[in-house]
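Peer 1: One structure coming up, written as structure tokens, with questions to follow.
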Amino acid sequence: MTSTSEQPTQQPTGVAPWWRDAVVYQVYVRSFADADGDGIGDLAGIVDRLDHLETLGVDAVWLTPCYPSPQLDHGYDVADYFGIEPMYGDLSTFDRLVEAARARSIRVLMDVVPNHCSSQHSWFQAALAAGPGSPERARFYFRDGRGPNGDEPPNNWRSVFGGPTWTRITEADGSPGQWYLHTFSPWQPDFDWSCPDVVAMFDAMLTFWFDRGVEGFRVDAVAVVGKAPGLPDAPPAPEGTAENDVWSHNPYSVFWPTAHEHWRGWRTLLEQYERTHPGRELVTVSEAYTPDRPDLLLQYVNPQEFHQSFCFDLMLAPWRVDTLRATIEPVYEALTASGAPLTWTINNHDTQRSVTRYGRADAAELSSWTKNNLVYTGAPVDLALGTVRARAAITLTASLPGSLYLFQGEELGLPEVLDLPDAVRQDPIFERTDGREPGRDGCRVPLPWTADQATSFGFSFGSASHLGRAVGSPWLPQPDDWGTYSVAAQQHDPASMLSLYHHLLSARRSRLDPDAGLGFVDVEHPDLLMLRRGDVTVVLNVGDAEIDLASLVPTLADAEVVISSAPGHDDAGRLPANTCCWLAPR
Ligand code: BGC
């Protein structure tokens, strides 16, 4: 057994900012809790359920977009960046939420969508009315079509949600008109960030929400903000690229560098805000998928741009020792070497839930992990196995240095709902691919809080139920067994997923030194991953057979089991199948 990497100490930070090793809980607002009984989650529902988050021990919540929106991409189609969607509440409910969260020492982060808005946004409507060449159209990408009648799209780009990235409009006089660019759906026109109006609007927006007590933003889809001048045709994607992954191979719209000057502008704005508002410590976390490219990640997370940038690589890594290590180690080394903070996550609202991913028959196969979280494989799923592995995966992830982002419901071990009827699916991916891709609805099914099916398992608990009326059906149907996953069913069960999350978050705080580096240890076993954080040794068995740890690493035989993903496991000498535990000297 040899130690491969010394454990570097993370860059000395003086007093580290709160977010450096924070646990941030993603609230998908539509699906968290519904206080008015209409079947759709809302801000008042979050206020009512804050106890859950406080008990869990999170430092912050990140709210998915709750601005006025036609909800065609569930809020990622913003019609007004300065308000609250009426179905979710209003500004005074929002203020109440920030206040109530603060009283529990939970910070509130919002989600900002800079690449595009809703086609219902007043600017886009004005652009449609104003005509070609107008300043209103200059805020977006309007172009004439190709071909003799302009009826072919201006270039060959493909959109993320399927189909071309261009839609043709009808001009105000009824004639066939220009085309506009949308990286996602036609209801999400891209802003042209070379237009100063766009820059100024977002500066005003950030400040508006900071003034209301928001402590930071998750920044949506940063990799596609900014496009190559002239919008040239993209070269063909590599042979065999999945339909909804073609977009990611377009070098003229993905990672095009011009956006970085705007992120630098945001960082300056935030730092000025902090200077003029002592006590405030703001954070931005950018969303860019950079699989196997820590160098790209570093283009976003650096002292001039974003404070953090999601590392999604763990969500995309097969359940194997070699791939897990090859995922964590290079990111850790590259970011730590440049003093950049780390973030880890294994679930979000765009990705098949971990319990299901790890339960797939192909969970350990390299070929099944496409490096694109939107492409699902149809392999059969063993949920019991997936749950055991998901427990181990979060036990590993929570041990890593940096911050941890959780997605609502993972603490309940919710599986992906794979059998939603086509008629209820709402994700634009489903519609835009004519049903070839199921989309992301399966991870967005409303949360179960209680065993009571009459209130959608406690999801809807508003006035309607108090009045004895049936509450509205949840916006996506919940499976009949949802109550077995509910908070009520799990909170007093020491072996539950919820108890594991609760203990993990508490052990992170009490047993891990946030400044302790990460060092992997080579061990002679194909299923054993081993790493050190300070005096804590983390061992993960990805195999289906128990490992005799006492023989393999005799020095660990007498260690204390600080926490284990396997309920009741307290013998450091043996490591059950698909289990991760933290060990410390007695
Ligand atoms: C968000 C998605 C959203 C898309 C378009 C993504 O990166 O996470 O949920 O559909 O951006 O805004």
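Peer 1: What is the gain in length, in nm to one decimal, between Gln304 and Phe208 on full extension, counting 0.36 nm per residue of separation less the C-alpha to C-alpha distance?
Peer 2: 32.4 nm
Peer 1: Going 7 Å from the Cα of Ala228 in the Cα-to-Cβ direction, what parts of segment 260-300 have a backbone nitrogen less than 13 Å from that spot?
Peer 2: So the set is empty, nothing qualifies.
Peer 1: Could you go through segment 564-571 in sequence order and give the Karplus-derived ³J(HN,Hα) for each residue, using 6.51 cos²θ - 1.76 cosθ + 1.60 with θ = phi - 60°, rounded to whole Hz, and x for Gly and Pro?
Peer 2: 9, 6, 8, x, x, 6, 9, 10
Peer 1: Quick one: if the Förster radius is 25 Å, what FRET efficiency do Trp18 and Leu269 give, using the C-beta to C-beta distance and rounding to 0.05?
Peer 2: 0.80
Peer 1: If you don't mind, there's one more thing I want to ask. Taking 0.36 nm per intervening residue step and subtracting the Cα-Cα distance, what contour gain separates Ala379 from His492 on full extension?
Peer 2: Taking 0.36 nm per residue and subtracting the Cα distance, the gain is 37.3 nm.
Peer 1: Can you show me the helix-derived [θ] at 222 nm for the chain, built from DSSP H runs with n ≥ 4 at -39,500 (n - 2.57) apiece and divided by the number of residues, rounded to the nearest 500.
Peer 2: Using -39500 (n - 2.57) per qualifying helix, the result is -7000 deg cm²/dmol.
Peer 1: Further question: Please report the spacing between the Cα centers of segment 198-252 and segment 60-105 in Å, no decimals.
Peer 2: So the two Cα centres are separated by 21 Å.
Peer 1: Can you work out the FRET efficiency for the pair Ile169 and Cys195, with r the C-beta to C-beta distance and R0 = 22 Å, to the nearest 0.05?
Peer 2: The pair Ile169/Cys195 has a calculated efficiency of 0.75.
Peer 1: Given Leu575, Ser119, Ala44, which one lies farthest toward the positive end of the charge dipole of the chain, if we put +1 on the Cβ of every Lys and Arg and -1 on the Cβ of every Asp and Glu?
Peer 2: Ala44
Peer 1: According to a simple spin-label model (label point 7 Å from Cα along Cα-to-Cβ), what is the distance in nm between Ser105 and Ala130?
Peer 2: 4.9
Peer 1: Another question, if that's okay. Taking a spot 7 Å from the Cα of Arg509 along the direction of its beta carbon, which residues of segment 546-586 have an amide N less than 18 Å from it?
Peer 2: The answer is 563.
Peer 1: If you place +1 on the Cβ of every Lys and Arg and -1 on the Cβ of every Asp and Glu, how big does the dipole about the Cα centre of segment 122-181 come out, in debye to the nearest 20?
Peer 2: Roughly 240 debye, rounded to the nearest 20.
Peer 1: Could you point to the residue in Ser92, Trp187, Ser399 farthest towards the positive end of the chain's charge dipole, with +1 and -1 charges on the Cβ of Lys/Arg and Asp/Glu respectively?
Peer 2: Ser92
Peer 1: Given a Förster distance of 56 angstrom, what is the FRET efficiency for Glu524 paired with Arg436, based on the Cβ-Cβ distance and rounded to 0.05?
Peer 2: Working from the Cβ atoms, E equals 0.80.
Peer 1: Of Val355, Val536, how do they rank once you tally other Cβ atoms within 10 Å and put the fewest first?
Peer 2: Val536, Val355
Peer 1: Okay, moving on. Note down the relative contact order for the chain as a percent, whole number, built from C-alpha pairs under 8 angstrom at least six residues apart.
Peer 2: The normalised contact order for the chain reaches 15 percent.
Peer 1: Starting from 0.36 nm per residue, how many nanometres of slack lie between Asp90 and Glu546 once their C-alpha separation is accounted for?
Peer 2: My answer for the length gained is 158.8 nm.
Peer 1: Going by the alpha-carbon gyration tensor, a ≥ b ≥ c the square roots of its eigenvalues, is segment 122-181 rounded (a/c under 1.5) or, if a/c is not under 1.5, prolate (a/b greater than b/c) versus oblate?
Peer 2: Oblate is the answer for segment 122-181, as a/c is 1.5 or above yet b/c matches or exceeds a/b.
Just so you know, all these numbers are worked out from the coordinates, no wet-lab data involved. Computed from a predicted structure; not experimentally measured. Note that each Cβ is placed from the backbone with ideal geometry, even for glycine, and that neighbours are counted across all protein chains shown.
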